[in-house]
Structures are given as C-alpha cells and as structure tokens.
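The values are calculated or read from the model by the stated rules, or taken from the named source; none is laboratory data. In this text the structure is predicted, and so the values were computed from the model without any measurement. Cβ sites come from the backbone with ideal geometry, for glycine too, and all protein chains shown count toward neighbours.
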Amino acid sequence: MRTLITGGSGQIGSHVGERLLARGDDVLNLDNLATGRAMHLPDQTRLQNVRGSIADRELVNSVFDEFKPDVVVHCAASYKDPDDWYNDALVNTVGGAILIHAAKRLGVQRFVYFNTALTYGVKPIEQPITLAHPINPDNSSYSITKTTTEEFLRLSGLDFVTFRLANVIGPRCVSGPLPIFYERLVQGKRCFVTKARRDFVYVSDLAKQVVRALDGIGHGAYHFSTGSDISIKELYDALVTALGINEYPQPEIRELAPDDAPSILLDPTRTFRDFGNIEFTPLADLCKAAVEYYNEHGVHGGYTHLKHE
C-alpha cells in the first residue's frame, strides 16, 4: 500500500509511519517540521520525506501526482500559539481542504483524519460524550479549524475515518501537561496541576488502530478513548514515579482556567463495536516510555492551544 502521511515527523504520524514501513508499505511523509522532528521518521528504504506545508497547494498537488497514494493519514496541524488564528486557519482548514481536494482528484481509497475532543466544547452536556453530542468548537482557534476540516471531509464523499481524540501522550509528545511536567521536574522546578480530569491514551495504541482503519476497518467518526478519565494529578504522580524521584515534589493545586473543562470524557462504544476490544497501555508504562524518550532526546515543545492552561 502507498500511504501519504502529513505531519509524519510528529508524535502520531511517526508512530503510524513506523508501523507501515515495518510491514513493507511505501510511505511519503509531508511535514514542515514546525512541531515535528526529522529524527522521528528518518530517511530509509520505502520512505520519502518531503519538507513543506500542506497549505502549499502547488506542492501538495505535485506530491499527490507523483506519489499516487492509495490512502492518506492526515496528522499535520497548527497548534503552537492560541492567538495565531492565521496559521491555524491556513494549515488546519485551508491545508485540510487542499489535501481533501487532491485526494478526491486522485481517487484515494481512504482518508484518515484526527479531530480534537474539544470539537464538543469545554462545557459538554453529557458525560461521557457520545457521538450524538452537538458540535460546539467555540473554545479555541485550534478546535474551530480542526472541526471545519472534518466537515469538509464529510462533504467530500471520500471514504474516511475520523478519530476524535482523547489526550494522546507518550514518546515524542510535545503538547499538554506531560512534557511540561517532565521539563520542570528535571530542572527542580515546582509544577502546578489543575483540578481537571482527562483520558490519556498511549500513542502506540492509537497508531495500531490507525493502520487497521487504513486496511478498511470502520467508516466515519470514532472516539479514541479508554472510556475512563483520571485527574491531572494522577498523571503528575505517575510521571514522578517514572522519573524515580525519591522526595515527592508537592505540586501547587489550581482551580480551572476559564477556557478549561472539568472533564472531557469520550464514549468509545462505537469504536469498541467496530474495532473490537482495544488493549490500552497502563498509565505507569506510558509514563515510563515517555521518560525514556525525554531522557535521551530532551523535551521539544510543551505547547498548549488553550490560553490559560
């Protein structure tokens, strides 16, 4: 199979790419390295690395015409700065539309996309959130622009799978609390944790199911979630343990910021029905793998798309 991955040097894209290459597929990675790292998917047999933006229509069309992908995995996204509406709209929405048009023109067999759980807003009307919950991405530029591309994908008529994601963490994670906690803890700085709860999933667990989706499992929107959430402090404690810190560094406990949600827990019923029972990696093992990566390669990022998080 010939797979075009956008953002293949990032956390999710590189893990998917590794799995596809390991089984002998041809992969083209289109990434501008705004948040990804070239080391995550280095040059090798059956892999083409192309540096550039998905918002460059001429580049995208030439890549599709020359590589002729069977399937597309669209991981690329802008999320570094919550006030950078221009680049969020340019990459997440315009870039998404360019990719979808190219995929449609070339007759791509399947298009896999990733949306944020924040597509439902920060004040969901049900817990856990079902796929029938109203779409309300009014909480950030990131969620608005990511959701728009999912709607374009639905409009396109392409055969697609969208994974609306819980918090995906593990090795190569550059956003959210995990890299921020790690960096501050190894520097001996105090961390703060909010009273929020989240569902944290291991990136490799997601990548495994993405490959199955590329092979034809499922259609339409799915939640990638364990179906249960934990407090941010539980993540912090698991990371402290993984770091082997003897004297417990007590974090500051803060109230939720205005643009944060107490809990965003997704209902994975449809996912489990169509993909079967998914074995999720325990939090302790997840944090251990992340620490091993950060110890060797350092922290790159620590981004958040919420202004006050």
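Across region 29-55, which residue is surrounded by the fewest Cβ atoms within 10 Å (Cβ to Cβ) among those that are charged (D, E, K, R) and touching a residue at least 24 places away in the same chain (Cβ under 8 Å)?
Within region 29-55, the match that is surrounded by the fewest Cβ atoms within 10 Å (Cβ to Cβ) is ARG46.
Please work out which residue is farthest from the chain's Cα centre (by Cα), limiting yourself to region 1-48 and to residues that are assigned to a loop (DSSP other than H, G, I, E, B) and among the β-branched types (Val, Ile, Thr).
THR45
Which number in (1) without any contact (Cβ under 8 Å) to a residue 12 or more places away in the chain; (2) under 24 Å from PHE160 (Cβ atoms) marks the one condition that GLU247 misses?
Only one criterion in (1) without any contact (Cβ under 8 Å) to a residue 12 or more places away in the chain; (2) under 24 Å from PHE160 (Cβ atoms) is unmet by GLU247, namely (2).
Kindly indicate the residue of region 225-245 that is among the small types (Gly, Ala, Ser) and exposed (fewer than 15 other Cβ atoms within 10 Å of the Cβ) and also farthest from the chain's Cα centre (by Cα) among those meeting that condition.
Across region 225-245, the extreme among qualifying residues is GLY244.
Would you please name the residue that is farthest from the chain's Cα centre (by Cα), looking only at residues in region 149-164 that are of a type in the set (Val, Ile, Thr) and assigned to a strand (DSSP E or B)? Let's see the steps before the verdict.
Here is the first cut: in region 149-164, the ones of a type in the set (Val, Ile, Thr) are 149, 161-162.
Narrowing the set further to residues that are assigned to a strand (DSSP E or B) leaves 161-162.
Numbers: VAL161: 14, THR162: 12 Å.
So, considering only residues that are of a type in the set (Val, Ile, Thr) and assigned to a strand (DSSP E or B), the one farthest from the chain's Cα centre (by Cα) is VAL161.
Of the residues that sit in region 127-174 and are of a type in the set (Asp, Glu) and more than 25 Å from GLY301 (Cα to Cα), which one is surrounded by the most Cβ atoms within 10 Å (Cβ to Cβ)?
Looking at residues that are of a type in the set (Asp, Glu) and more than 25 Å from GLY301 (Cα to Cα), I get GLU150.
Of the residues in region 56-93, how many are of a type in the set (A, V, I, L, M) and in contact with a Phe, Trp or Tyr (Cβ under 6 Å, 6 or more places away or on another chain)?
Final tally of qualifying residues: 1.
Say we look at region 273-303 and pick out the residues that are modelled with pLDDT under 95 and of a type in the set (Gly, Ala, Ser); which of these is farthest from VAL210 (Cα to Cα)?
Per the stated criteria, the residue is GLY298.
Restricting to region 121-148, count the residues that are touching a residue at least 60 places away in the same chain (Cβ under 8 Å), closer than 26 Å to VAL211 by Cα and not in a loop (DSSP other than H, G, I, E, B).
Going through region 121-148 one residue at a time, the tally reaches 5.
So is TYR86 of a type in the set (Phe, Trp, Tyr) and either outside any loop (DSSP other than H, G, I, E, B) or surrounded by fewer than 24 Cβ atoms within 10 Å (Cβ to Cβ) (or both) or not?
yes
Return yes when LEU306 is closer than 18 Å to ALA166 by Cβ and either at pLDDT 95 or above or charged (D, E, K, R) (or both) and no when it is not.
Judged against the criteria, LEU306 is not a match.
Is there any pair with a first residue in region 74-99 that is in contact (Cβ under 8 Å) with a residue 60 or more places away in the chain and polar (S, T, N, Q) and a second that is crowded, with 17+ Cβ neighbours inside 10 Å and not in a helix (DSSP H, G or I) whose Cβ atoms are under 7 Å apart and which are 6 or more apart or on different chains, and what are they?
Once the first residue is in contact (Cβ under 8 Å) with a residue 60 or more places away in the chain and polar (S, T, N, Q) and sits in region 74-99, no partner that is crowded, with 17+ Cβ neighbours inside 10 Å and not in a helix (DSSP H, G or I) comes close enough.
Here are TYR202, TYR248, TYR222: which of them is among the aromatic types (Phe, Trp, Tyr), surrounded by fewer than 15 Cβ atoms within 10 Å (Cβ to Cβ) and modelled with pLDDT of 95 or more?
Going through TYR202, TYR248, TYR222 in turn, just one is among the aromatic types (Phe, Trp, Tyr), surrounded by fewer than 15 Cβ atoms within 10 Å (Cβ to Cβ) and modelled with pLDDT of 95 or more: TYR248.
Can you name every one of the strands (runs of 3 or more DSSP E) wholly within region 165-261 that holds 3 or more residues which are within 22 Å of ASN295 (Cα to Cα)?
Fully inside region 165-261 and qualifying: 167-169, 200-202.
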